[in-house]
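The values are calculated or read from the model by the stated rules, or taken from the named source; none is laboratory data. Please read all numbers here as calculations on a predicted model, not as lab measurements. Counting neighbours? That spans all protein chains shown, and the Cβs are built from the backbone with ideal geometry, glycine included.
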Amino acid sequence: MGTADGMLAEARESLGLSGRPNVITREYAERHGDEFLEAAWCDMAVTYWARRSDNVEAVLPGGDRAYTVWHAQDFQKIDRWFTGTTENVDDAEPGDIVFFDWGTSNTIGAIDHVGVVEKALGGGRVQTIEANTDDACKRRVRSSSVIAGYGRPDYASSHWTEEIVKKLPELSRGATGEHVQTLRALLLARSHPEIGEVDGPFDTEVELAVRAVQVWGRVTPDGIVGPQTWPVLLRVH
């Protein structure tokens, strides 16, 4: 299983590629037919980068894609789709697969184009790497007005986190001990200075901070740190 860094490294290798047929369309056409040699290649490029970085399972949950609408639907089916609101775009992460509608809707069926997020810039903007933009592979800066949404691949870091989470207990208000110290340290690292020091119990301030992190991570804000919340706290991006 690959990583977001690997996906982006492959995308950067394609920067400057232009015209068609090219190495990306030829590689796709070898598997799916010569009609793809001269076809729009934005999603063929995402497929190419995923295959070369060992990210097929994460980035292509429905298999190879050249058609952006189907690709977005693949993420929607596995509940890893985020609509392109300004708030959601601000939460985009490097390696997310971002889909565009030049008609400025958030409708999956209207999607025209796709790229990969390189960096979230704030203010509803992201820096991307996109193929088939002016028939070339280039960096772009896009705003939420043209972003229909994005899919979040389940990169290898998620599987690494799962192994750690299996060893962690469920914590709630009143708990004490070394795992609570770990929790407090993670909350401090996520800009919650109001909880004070690392040493201490799972008190009201910790619970409020946990709920805030849960809202940010889009998990149930119940104030309990379990298998849904530990991965949010341990997220590496």
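Only one entry of 218, 190 meets the criterion of being out of contact with any Pro (no Cβ under 6 Å at 6 or more places or on another chain) and on the phi > 0 side of the Ramachandran plot, and that entry is 218. Here residue 21 meets the list (1) part of a loop (DSSP other than H, G, I, E, B); (2) closer than 29 Å to residue 123 by Cβ; (3) touching a Leu at 6+ places or on another chain (Cβ under 8 Å); (4) not charged (D, E, K, R) almost entirely, failing just condition (2). Among the candidates 30, 57, 38, the residue that is modelled with pLDDT under 95 and surrounded by fewer than 18 Cβ atoms within 10 Å (Cβ to Cβ) is uniquely 57. Here residue 113 meets the list (1) under 15 Å from residue 233 (Cβ atoms); (2) in contact with a Cys (Cβ under 8 Å, 6 or more places away or on another chain) almost entirely, failing just condition (1). Here residue 204 meets each of (1) modelled with pLDDT of 95 or more; (2) under 26 Å from the mean Cα position of the chain (by Cα) with one exception, condition (2).
Only residues that are part of a helix (DSSP H, G or I) and either surrounded by 20 or more Cβ atoms within 10 Å (Cβ to Cβ) or without any contact (Cβ under 8 Å) to a residue 24 or more places away in the chain (or both): list them for region 106-117, please. Across region 106-117, the qualifying residue is only 108.
When 49, 70 are checked against the criterion of being of a type in the set (Phe, Trp, Tyr), crowded, with 17+ Cβ neighbours inside 10 Å, assigned by TED's automatic domain parsing to the domain that holds residue 111 and part of a helix (DSSP H, G or I), a single residue qualifies: 49. Residue 92 meets the conditions (1) out of contact with any Leu (no Cβ under 9 Å at 6 or more places or on another chain); (2) buried (at least 23 other Cβ atoms within 10 Å of the Cβ); (3) closer than 16 Å to residue 132 by Cβ in every case but one. The failed one is (3). Of the strands (runs of 3 or more DSSP E) lying entirely inside region 118-194, those containing at least 1 residues that are modelled with pLDDT of 95 or more and loosely packed, with under 15 Cβ neighbours inside 10 Å span 138-143.
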